[in-house]
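Remarks on the structure that follows.
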Amino acid sequence: MEAGAVTFPPDVDVVVVGAGFGGLAMLYRLRQAGFSMQGVEAGESVGGTWFWNRYPGARVDIQSVEYSLSISKEVQDEWTWSELMAPQEELERYINFVADRLDLRRHIRFDTKVTAMTWAEASATWLVETDRGDRWRARFVVTAMGCLSAPLEPAIDGLGSFAGASLYTNRFPKEGYDFTGKRVAIIGTGSSGVQATPEVARQAEHLYVFQRSAAYTMPAGNRPWGPGEFEALRRDYDAIRAVQFASPLGAARFGAVAIGDFRTPPPKILETPVEERLARLDREGWLAATPFAWADVAADIEANRAAQELYAEMIRREVKDPQTAAALVPHYPMGCKRPIIDIGYFETFNRDNVTLVDLRKGAIRRITPKGIDTEQGFFALDVIVYATGFDAMTGALNRTDIRGRGGQLMREAWLAEGPRTYLGLMVAGFPNLFTVTGPGSPSVLTNMVSSIEQHSQWIVECLEHLRRRGLATIEATPEAQHDWVAHVAALAEGGVRVHESCTSWYLGANVPGKVRVYMPYTGGLNVYRDRCDEIASGGYAGFALA
Ligand code: NA7
């Protein structure tokens with residue numbers, strides 16, 4: 001069925017949805033390759049994650065020299081990072097610099113949300129519609145809508161009744177917020193809650209941290225550069241990028257931890273006597289209480305429990321009050337959720353103005369005009385900060401009406417068995433639509449910028465291939481998609497990531513009713529990229545081209 005008439009622009013090769021790192025990398029590469037394009041972005045400016053998540057303490061967990069674009073030499077050579085892991089403000093400045101330096105802003109329609117994308121069989125084009133009445137006809141669509149961009153409203157009774165200020169970390173006020181003299185609650189202890197806690201505690205009269213699941217977090221090891229340190233790194237960018245792109249994580253380091261140091265297999269915790277485990281804790285601190293430090297922790301639940309014991313011991317060493325220390329110990333496997341890096345999280349619980357509210361001892365009943373009512377008492381408050389996460393990986397796609405062949409909605413195609421893609425790049429039944437860092441690709445298990453660069457390059461090369469051969473469409477075959485979904489599931493099987501006690505957003509377990517499927521590809525970005533390249537050079541095996 002023909003979906004409608006074209007107004008503006010009359011004809012564009014590609015619509016790119018989203019203007020975070022993914023959207024900007026796409027637009028830049030498409031323009032270099034000579035395609036016409038239209039970008040669209042819900043926010044008033046570029047930045048994506050770093051535009052919306054401007055809560056105090058927001059910071060990247062990958063070192064900035066790696067969490068940055070390598071696609072433009074000018075950008076790489078001209079930007080100076082001020083510290084190891086940039087805070088949100090600096091990342092936002094950087095991504096604005098990228099947009100200006102590469103002159104990308106003029107391609108993007110800001111403050112505009114895509115509401116529907118409909119495949120029109122007869123013309124082999126997508127009709128893209130927005131909340132501002134745009135109707136763009138495009139040959140191709142690239143979604144770069146973010147893996148953690150669809151905010152999750154917590155299902156708590158009385159949410160809207162609170163008379164004080166309600167703030168959300170994932171759309172924090174641009175002008176900031178002064179917590180001075182306020183009684184504040186933070187609900188949620190994922191990365192956002194953990195990063196915000198020390199900052200808010202420094203300002204607030206009293207901070208209550210409402211914890212449903214305790215966090216695995218460790219000190220970021222962040223610091224400003226020493227004299228000449230960044231300049232030396234910048235001169236060495238080629239070598240940095242080579243190591244980065246050869247690694248499974250798309251980065252040589254997670255926080256301050258050099259992953260490469262563990263290439264020679266670390267010891268197994270279950271084969272290490274308890275005194276030696278503790279001696280390692282004395283020597284290496286938090287690092288010894290992570291899955292990086294032991295060969296068996298990610299695969300074996302008993303080994304995982306032994307590592308959890310070390311983690312609990314580290315918390316006891318940091319947190320003075322024994323009850324609070326005990327309550328801060330997670331009850332789910334280490335490595336099942338994305339590890340968090342923090343600046344002074346556990347020390348914050350030694351402050352007199354901070355109270356941990358362990359919801360495992362009594363859940364939230366409701367929010368009232370004056371505060372939060374729980375099974376363990378009432379908390380009178382001036383401000384509630386929700387750090388309650390996202391409908392991850394599929395949320396942004398599923399909240400948009402994406403209709404492929406035969407009018408099929410993508411969210412309905414994914415309803416019964418979770419997201420189904422080929423390579424996390426395309427979906428059978430949805431021709432000419434590419435999903436940057438889609439489910440089924442390494443994405444959130446990696447340095448996102450590395451994954452974005454790999455996908456944007458692969459997609460543009462694919463479009464160039466179609467152009468060279470005069471082809472109009474590309475689509476994942478159902479068979480290739482079936483095999484890929486099975487491969488992704490088989491890779492994750494058996495490990496702690498899919499253990500029954502794991503309730504991560506990787507599994508969709510944080511969203512009521514979402515199908516429990518491990519969404520990202522766990523085989524490593526390096527292995528994945530080789531597979532994508534092999535498929536492309538083999539004539540796009542698993543895709544139907546016409
Ligand atoms: P996360 O990691 O999904 O964390 C959300 C937190 O909010 C988590 O602790 C949740 O507990 C908690 N939560 C959610 N709903 C509720 C309700 N109703 N009551 C109490 N607590 C609740 O999101 P973040 O924004 O922190 O981080 C997302 C990613 O960004 C992170 O992984 C990094 O990659 C960067 P739960 O664990 O579900 O029990």
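The values are calculated or read from the model by the stated rules, or taken from the named source; none is laboratory data. Please read these numbers as outputs of a predicted model, since none were measured by experiment. Reconstructed Cβ throughout: ideal geometry from the backbone, glycine too, with neighbour counts over all protein chains shown.
The helices (runs of 4 or more DSSP H) found entirely in the stretch 28-119 that carry 1 or more residues being over 27 Å from Asp13 (Cβ atoms), touching a residue at least 24 places away in the same chain (Cβ under 8 Å) and among the charged types (D, E, K, R) are 73-78, 88-101.
Among the residues in the stretch 272-282, are any outside any helix (DSSP H, G or I) and not aromatic (Phe, Trp, Tyr)? The answer is yes; a qualifying residue exists.
Within the stretch 298-311, none of the residues are hydroxyl-bearing (Ser, Thr, Tyr), surrounded by 16 or more Cβ atoms within 10 Å (Cβ to Cβ), in contact (Cβ under 8 Å) with a residue 60 or more places away in the chain and in a loop (DSSP other than H, G, I, E, B). The set of residues in the stretch 382-427 being surrounded by fewer than 22 Cβ atoms within 10 Å (Cβ to Cβ), of a type in the set (A, V, I, L, M, F, W, C) and part of a loop (DSSP other than H, G, I, E, B) consists of Trp414, Leu415, Ala416. Total residues in the stretch 375-390 satisfying the condition of being within 31 Å of the chain's Cα centre (by Cα) and either among the aromatic types (Phe, Trp, Tyr) or within 15 Å of the ligand (Cβ to nearest atom) (or both): the figure is 8.
So, in the stretch 189-227, of the ones that are more than 16 Å from the ligand (Cβ to nearest atom) and among the small types (Gly, Ala, Ser), which residue ends up surrounded by the fewest Cβ atoms within 10 Å (Cβ to Cβ)? The qualifying residue surrounded by the fewest Cβ atoms within 10 Å (Cβ to Cβ) is Gly226. Count of the stretch 352-374 residues, restricted to those that are in contact with a helix residue (DSSP H, G or I) (Cβ under 6 Å, 6 or more places away or on another chain) and surrounded by fewer than 16 Cβ atoms within 10 Å (Cβ to Cβ), is 1. Note on the stretch 490-523: among residues that are within 19 Å of Phe292 (Cβ to Cβ) and among the small types (Gly, Ala, Ser), the one that is nearest to the ligand (Cβ to nearest atom) is Ser504. Tyr506 falls short on exactly one of the conditions (1) surrounded by 22 or more Cβ atoms within 10 Å (Cβ to Cβ); (2) more than 21 Å from Val297 (Cβ to Cβ); (3) within 20 Å of the chain's Cα centre (by Cα), and that condition is (2).
Would you confirm whether or not the stretch 520-542 contains a residue that is among the polar types (S, T, N, Q) and within 30 Å of Pro333 (Cα to Cα)? Write out each step before concluding.
Filtering the stretch 520-542 down to residues among the polar types (S, T, N, Q) leaves 522, 526, 537.
With the extra rule that they be within 30 Å of Pro333 (Cα to Cα), the set shrinks to 522, 526.
Checked against the condition, which is being among the polar types (S, T, N, Q) and within 30 Å of Pro333 (Cα to Cα), the stretch 520-542 yields at least one hit.
With respect to (1) surrounded by fewer than 16 Cβ atoms within 10 Å (Cβ to Cβ); (2) in contact (Cβ under 8 Å) with a residue 40 or more places away in the chain; (3) away from the ligand (no atom under 16 Å from the Cβ); (4) among the acidic types (Asp, Glu), the lone exception for Asp131 is condition (2). Applying the set (1) of a type outside the set (Ser, Thr, Tyr); (2) buried (at least 16 other Cβ atoms within 10 Å of the Cβ); (3) not in a loop (DSSP other than H, G, I, E, B) to Asp238 leaves exactly one unmet item: (2).
State which residue is farthest from Trp505 (Cα to Cα) when the search covers only the stretch 319-331 and only residues that are within 16 Å of the ligand (Cβ to nearest atom) and modelled with pLDDT of 95 or more. Ranking the qualifying residues of the stretch 319-331, first place goes to Ala327.
Pairing each residue of the stretch 191-204 that is within 20 Å of Pro339 (Cβ to Cβ) and of a type outside the set (Gly, Ala, Ser) with any residue that is part of a helix (DSSP H, G or I) and more than 7 Å from the ligand (Cβ to nearest atom), provided the two are 6+ apart or on different chains, yields C-beta distances under 9 Å for Val194/Tyr345; Gln195/Tyr345; Thr197/Tyr345; Thr197/Thr348; Pro198/Tyr345; Pro198/Glu347; Pro198/Thr348. Every test in (1) in contact with a helix residue (DSSP H, G or I) (Cβ under 8 Å, 6 or more places away or on another chain); (2) hydrophobic (A, V, I, L, M, F, W, C); (3) assigned to a helix (DSSP H, G or I) is passed by Leu466 save one, and that test is (1). Selection within the stretch 241-262: residues that are modelled with pLDDT of 85 or more and assigned to a helix (DSSP H, G or I). The member of this set that is farthest from Asp77 (Cα to Cα) is Ala246. The residue list Val527, Val485, Val515 contains one member that is among the β-branched types (Val, Ile, Thr), at pLDDT 95 or above and within 30 Å of Arg241 (Cβ to Cβ), which is Val527.
Given the condition farther than 30 Å from Ile459 by Cβ, within 12 Å of the ligand (Cβ to nearest atom) and not in a loop (DSSP other than H, G, I, E, B), answer yes or no: does some residue in the stretch 153-162 qualify? Yes.
Checking the condition away from the ligand (no atom under 15 Å from the Cβ), under 19 Å from Val427 (Cα atoms) and modelled with pLDDT of 95 or more, which residue from Glu461, Glu453 passes? Residue meeting the stated conditions: Glu461. Taking the stretch 179-188 as the search range and keeping residues that are surrounded by fewer than 24 Cβ atoms within 10 Å (Cβ to Cβ) and part of a strand (DSSP E or B), which one is nearest to the ligand (Cβ to nearest atom)? In this case the residue turns out to be Ile187.
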